[in-house]
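Below: the structure, in structure tokens.
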Amino acid sequence: MWIYSYSDHVSLDELCRREVSDPIPGSHDVVLKMRAASLNYRDLAIARGHYHVAVNPPLIPLSDGAGEVAAVGSNVTRVCIGDLACPVFLPNWIDGPISERAGKRRLGGPDDGVLAEYLCLNEEEVVRMPDYLDAVEAATLPVASVTAWHSIYELGTLRPGETIVVLGSGGVSTAAIQLAHAGGARVIVVTRRDEFKARLVELGADEVITGSDSDAWPQMTNTLTHGAGADVVVDVLGGPSLARSIAALGRRGVVHLVGYAADTSATFDIFDAIRHGTTIHVATAGSRTNFESLLRAFGQKMIRPAVAKTFPVAKIKETFEELSKGGHLGKIVLTF
């Protein structure tokens, strides 16, 4: 079988295709013939040496993927041959709060990821996909969509009728829009891309703040909510954006900080946070149980994740370059 891996150094210049032996499943193992993989900002940070956890070669990259079950061990019960399934991004995190042990193992770095023809995993580390999703759509879910679900419905308790502000239009953001809309919340989206407005409304946005107005979005949120402010903000930027997210909140509002595209450090006025009674949650992806809950919610509304572009796996380096440009609506996906 083939894999793509970093050899002597973790950098895109060292990412090469190689041939290795096919996996042989144990009695509780599942072999997935991978069909698609999607890219996350963490994959780019790892490739550039900017990730917060030490990552060493040799390493198979990418955290998100979907594949067809090609073989199962004699004692496997969770999936059957022919099923479409996804590996869990944090394979040791099955349920409950995250532990130190569960947080250490992460597909795509520091542990091997999904950019391979076949993947062999314990059956507890995979989740069967609903029949209405194809491999490209399913490959977008394990990190971005699970993070959105875990943030707004596990760490937080977004309720029908509440107002949520979602920054950006990438994978976490589009999933948060769809999930919040499905839950009956009022969704305000902030993006610099005017051309995305119609599509964001289709995904579930009630109002979209675009273009030059995006710099003044806390004030515009205040206007749209008649002075009440937002109940929840999903902030994918970090850095100076966190202070603006706090300013956009009403009393006892919640900020879910789920990214660091603007900066890994943030400064805000503590008195402003006190006045708002702000709670700040920092995203930690999600457990396998969270993934399964997400799929039930998606299935009830037949939600299909947003896909920005697809590339053949042979163009993996060009795909990283596309990701680095930013400004996509939805996820960038590789097809195998």
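Here, each number is a calculation from the coordinates, and none is a lab measurement. Keep in mind it's a predicted model, so treat the numbers as computed, not measured. Positions of Cβ are backbone-derived with ideal geometry, glycine not excepted, and every protein chain shown enters the neighbour counts.
Rg(Cα) of the range 1-142 divided by 2.2 N^0.38 Å?
This ratio for the range 1-142 stands at 1.02.
Quick check on the chain: of the DSSP beta bridges with both residues there, what percent are antiparallel, nearest 5%?
If I count the DSSP bridges inside the chain, around 50 percent turn out antiparallel.
How much length is gained if the chain between Val201 and Arg251 is pulled fully straight, taking 0.36 nm per residue apart and subtracting their Cα-Cα distance, in nm to one decimal?
15.3 nm
Given a cut-off of under 8 Å on Cα pairs at least six residues apart, what relative contact order in percent is computed for the range 59-156?
In percent, rounded to a whole number, it is 38.
Would you list Lys197, Lys331, Lys104 from fewest to most Cβ contacts within 10 Å?
Exposure proxy ranking, most exposed first: Lys104, Lys197, Lys331.
Near Lys315, which lysines are there with a Cα under 17 Å away, not counting those fewer than 8 places off in the same chain?
Filter leaves Lys325, Lys331.
Using the Cα centre of the chain as the reference point, and only Cβ charges (+1 on K/R, -1 on D/E), how large is the resulting charge dipole? Debye, rounded to the nearest 20.
Charge dipole, the chain, about its Cα centre: 500 debye, nearest 20.
So who's got an amide H within less than 5 Å of the one on Asp83, skipping anything under 5 residues away but keeping other chains? H placed 1.01 Å off N, in plane.
HN-HN under 5 Å from Asp83: Val69.
Points 7 angstrom from Cα along the Cβ direction at Ala54 and Lys104: gap in nanometres?
About 1.3 nm separates the two model spin labels.
Find the all-direction average of the projected area of the Cα convex hull for the range 146-282, expressing the result in square nanometres with one decimal place.
So the mean shadow area of the Cα hull is 7.1 nm².
Which whole-number value in Å³ per residue fits the convex hull of the alpha carbons of the chain?
125
Taking other Cβ within 10 Å of each residue's Cβ, how do Trp2, Trp149 sort, fewest first?
Trp2, Trp149
Using only alpha carbon pairs under 8 Å that are at least six residues apart, calculate the relative contact order of the chain and give it in whole percent.
17
How high is the relative contact order of the range 146-282, given as a whole-number percent (alpha carbon pairs under 8 Å, six or more residues apart)?
20
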